[in-house]
Amino acid sequence: MADEKLTRYVSAIGLEIVAVSEARDRWADYQFHLAQFVRPDILGLSAGNHQIYISYELARRAYDSSSYRWLLRHTLAHEIAHDVLGRDGGGEDNGVDHSGLANRITSRDLGLSGRITFRPYSRSAELAADRKAMEYWRKLDWNCTHWVALFSNFLAQGYEGDVDHPTKERLEQAMQICSAPSTTPLRNLPTVSFSFSSSPVSAKPAISEF
Ligand SMILES: [Zn+2]
């Protein structure tokens, strides 16, 4: 698979999401890049200014596998939501860590050789990005049960996330949103049940994005 073809594939899905976002008028500014992140559980990155990075390995698998395609849609929607909400978006952060999780992602984990400076988003910004991303999914008629299933599978595989991305909290929020009655009418939703592929992106079941 040529990188160029894979990048076009990722961009096409990304732009589908941008088209239902608040940034739809700036769609032409969006650039989607494939990246070989050093830390294998990093799936995506919003570098600001409409620059979205997606794990090469995730993109490659999503091209061939529908389960990874939902993971790619999840990652893209989350990163685009970060871009739309911006650094200050997503509400207050009291800086208190309730998760007991460490392993915060650092610039070194990215392996992007100083092309971008990495600052982690706060946990509340992460949850806000999830909420916004799920809004985009709803507008696209992408069934939120896939979103919930992704997090359920993370937990089932023992992946608790990291300090800024607590899987359990994200799952709880997603279940709440997904079970709430929708305010916009949906076209007939697919009822396929999601099952996570038995070959995760990395040897470890560690999968996240920020
Ligand atoms: Zn994030």
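FYI, it's all coordinate maths here, none of it is from the lab. Given the structure is predicted, the values throughout are model-derived calculations rather than measurements. FYI the Cβ positions are ideal-geometry reconstructions off the backbone, even for glycines, and counts take in every protein chain you see.
Which net charge results for the neighbourhood of Tyr30, defined as the other residues with beta-carbon distances under 15 angstrom from its beta-carbon, given Lys and Arg at +1 and Asp and Glu at -1?
So the environment of Tyr30 carries a net charge of -3.
Out of residues 5 or more away from Val38 or on other chains, whose amide H comes under 5 Å of its own, with H placed 1.01 Å from N in the peptide plane?
Amide H to amide H, under 5 Å and 5 or more residues apart or across chains, Val38 pairs with Leu110, Gly111.
For a protection proxy built on the mean count of beta-carbon atoms within 10 angstrom, sort 147-156, 28-37 highest first, please.
Working: 147-156: 20.5, 28-37: 16.9.
Going by the mean number of other Cβ atoms within 10 Å, highest first, we get 147-156, 28-37.
Sort His74, His50, His146 so that the residue with the fewest other Cβ atoms within 10 Å of its own Cβ comes first and the one with the most comes last.
The fewest-first ordering by Cβ neighbours comes to His50, His146, His74.
For Gly161, what residues show an amide H to amide H distance below 5 Å, using hydrogens built from the backbone and excluding near sequence neighbours?
The answer is Thr167.
Mind checking the full-extension length gain between Ser179 and Trp27? Use 0.36 nm per residue of separation minus the Cα-Cα distance, one decimal, nm. Display every interim value, and only then the final one.
Values: separation 152, 0.36 × 152 = 54.72 nm, distance 3.06 nm.
Fully extending the segment from Ser179 to Trp27 adds 51.7 nm.
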